[in-house]
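Each remark here refers to the structure printed beneath this line.
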Amino acid sequence: MSSQIPASQTPSSETQPQRGPADRLSLGLSSAAARMGGWPWWLQVTLIFVAARLVSACVFMAAAIHQGTNPWFPPAPDYWNFITIWDGRWYQEAADNGYPSVLPVDANGVVQQNAWAFYALFPFLARGLAAATGMGTLPALTLIATLAGVGAALVIYQLFREFAGKRAALWGVVFVSTFPVSPILQVPYAESLNLLLLSGALLLVVRRRYLAAIPVVLLMCLSRPTGVPFAAMVGLLLLWRLWQRFWPSGTRPAPVSGGDDDPTSLRSLLSLGALVLVAGIGALAWPAIAWATTGELTAYTRTETAWRGHDLVPFKPWFDTGRMLFGPVLGVLAPFVFTALFVLVMMSRPVRALGTELRLWCACYMGYLLVFLHPQTSTFRMLLPLFPLALAVALLSKSKAYRGTVVVMFVLLQIVWVVWLWAWAQLPGGGDYPP
């Protein structure tokens, strides 16, 4: 009996389905992802962040080609000049010349824009790096911001691993790294430094290493104005732990690796109380420094409101903006609708998986924005500290199509953000919308 296969059944290139370019690309990406899966976690996270920053750099360079006349440099600047505009120049001012001892005012006594609106840790680090290496202030600011962004991605991954598996945590890092305002993590702004310190502080709180979190929180309070909501978060956490200790409901929090065995023990409560006290002091440190230097009790708040054009009145700016966007009736309802939607998000299943500490942080930070923020185009950038929600987005579905679509939409919105807000184009009334 012949064992030969009939010619009609013999495999050949003519009978095999031909793979198109899309199939080959998908196969190549899957193969690369499989190989990457065996690499150390820190290398994977670093490569994810670097790849995201390269994409953002391409967006910046494409927008720079079309940059016209602007207050800083000739049209069509190179990448390095283009990313140093806006607040980067204020951080350079603070690094090179420090902070004014007398607040600049106009003829009517209204405080003008000045460096006190920009916290000192970031520019002072750049001053030290510039002095040690001889590089310029703006390159030093850019280098620190980028390295801090890498560090933030690594810490965020470790934080996400407290609540999810490796794959979901990596996708959470992908979402943070490609978020529509994530290009801010590679420009001379303090966002990436603050993100590093904030994520580090949250990781230590989640692990119940409250005393170790104290120096991190103090540095965080000197990087950007996140001290008030953080102090509120740990204060509410302390109240919750006290409730669990003295009015137990039948269950206590599970022990956490690396933390206290019992989060309601006296030792743990005292440590958390110390963190609450220090966080409260740290939240007031920068306004107090501005007061001590200028002799003006409200030096910091008056400087902050110089960009708004009116005094700080809690909650009011949200209703003013609502009326401007939606009219006199719907505009009044808009802040309540927005708040209700956020509450629904916080009650959703993926967000509940984030644990008590991260949910408290998101709630307190959003509450802080509702009380003090003047909603404008910079609001998009100020949503970055809500980064724990990126893990909830990753946990919403394991579908590759869903997660890939989110990344694509984020990158497209990066283009919108850079072209609309980062690139400067004078408005009819003068100036431009800030990023």
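So the values come out like this:
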read-out	value
Filter pass, TRP361 being within 20 Å of the chain's Cα centre (by Cα) and surrounded by 17 or more Cβ atoms within 10 Å (Cβ to Cβ)	yes
Subset of the stretch 135-155 [free of Cβ contacts under 8 Å to residues at least 12 places away in the same chain and outside any loop (DSSP other than H, G, I, E, B)]	LEU147
Single unsatisfied condition, THR379 versus (1) in contact with a helix residue (DSSP H, G or I) (Cβ under 8 Å, 6 or more places away or on another chain); (2) over 22 Å from LEU236 (Cα atoms); (3) surrounded by 15 or more Cβ atoms within 10 Å (Cβ to Cβ)	(3)
Every pair of residues 6+ apart whose Cβ atoms lie under 9 Å, when the first sits in the stretch 418-435 and is surrounded by fewer than 12 Cβ atoms within 10 Å (Cβ to Cβ) while the second is of a type outside the set (Lys, Arg)	LEU427/TYR433
Qualifying positions in the stretch 88-134 - of a type in the set (D, E, K, R) and either within 22 Å of GLY227 (Cα to Cα) or under 24 Å from the mean Cα position of the chain (by Cα) (or both)	ARG89, GLU93, ARG127
Qualifying residue in the stretch 156-168 (condition: part of a loop (DSSP other than H, G, I, E, B), exposed (fewer than 14 other Cβ atoms within 10 Å of the Cβ) and at negative phi)	yes
Qualifying position, being in contact with a Leu (Cβ under 8 Å, 6 or more places away or on another chain), modelled with pLDDT of 95 or more, in a loop (DSSP other than H, G, I, E, B) and surrounded by fewer than 24 Cβ atoms within 10 Å (Cβ to Cβ), among PRO188, PRO180	PRO180
One residue from LEU325, LEU413, LEU330 being out of contact with any strand residue (DSSP E or B) (no Cβ under 6 Å at 6 or more places or on another chain), farther than 22 Å from PHE230 by Cα, in contact (Cβ under 8 Å) with a residue 24 or more places away in the chain and of a type outside the set (D, E, K, R)	LEU413
Candidate set from the stretch 89-134 (those that are part of a loop (DSSP other than H, G, I, E, B) and hydroxyl-bearing (Ser, Thr, Tyr)); member that is nearest to GLU304 (Cα to Cα)	TYR119
Residue list for the stretch 307-323, filter: in a helix (DSSP H, G or I) and within 16 Å of SER378 (Cβ to Cβ)	TRP307, PRO317, TRP318, ASP320, THR321
Count of residues meeting criterion [aromatic (Phe, Trp, Tyr), at pLDDT below 90 and within 18 Å of GLN113 (Cβ to Cβ)] in the stretch 292-331	1
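Residue by residue, here is whether (1) modelled with pLDDT of 90 or more; (2) in a helix (DSSP H, G or I); (3) crowded, with 21+ Cβ neighbours inside 10 Å holds:
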{"residue": "ALA212", "(1), (2), (3)": "yes, yes, no"}
{"residue": "LEU219", "(1), (2), (3)": "yes, yes, no"}
{"residue": "VAL234", "(1), (2), (3)": "yes, yes, yes"}
{"residue": "TRP240", "(1), (2), (3)": "yes, yes, no"}
{"residue": "TRP243", "(1), (2), (3)": "yes, yes, no"}
{"residue": "THR251", "(1), (2), (3)": "no, no, no"}
{"residue": "PRO255", "(1), (2), (3)": "no, no, no"}
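The values are calculated or read from the model by the stated rules, or taken from the named source; none is laboratory data. Values in this document were obtained by computation on a predicted structure and should not be read as measured data. Cβ coordinates were reconstructed from backbone atoms using ideal geometry, including for glycine residues, and neighbour counts include every protein chain displayed.
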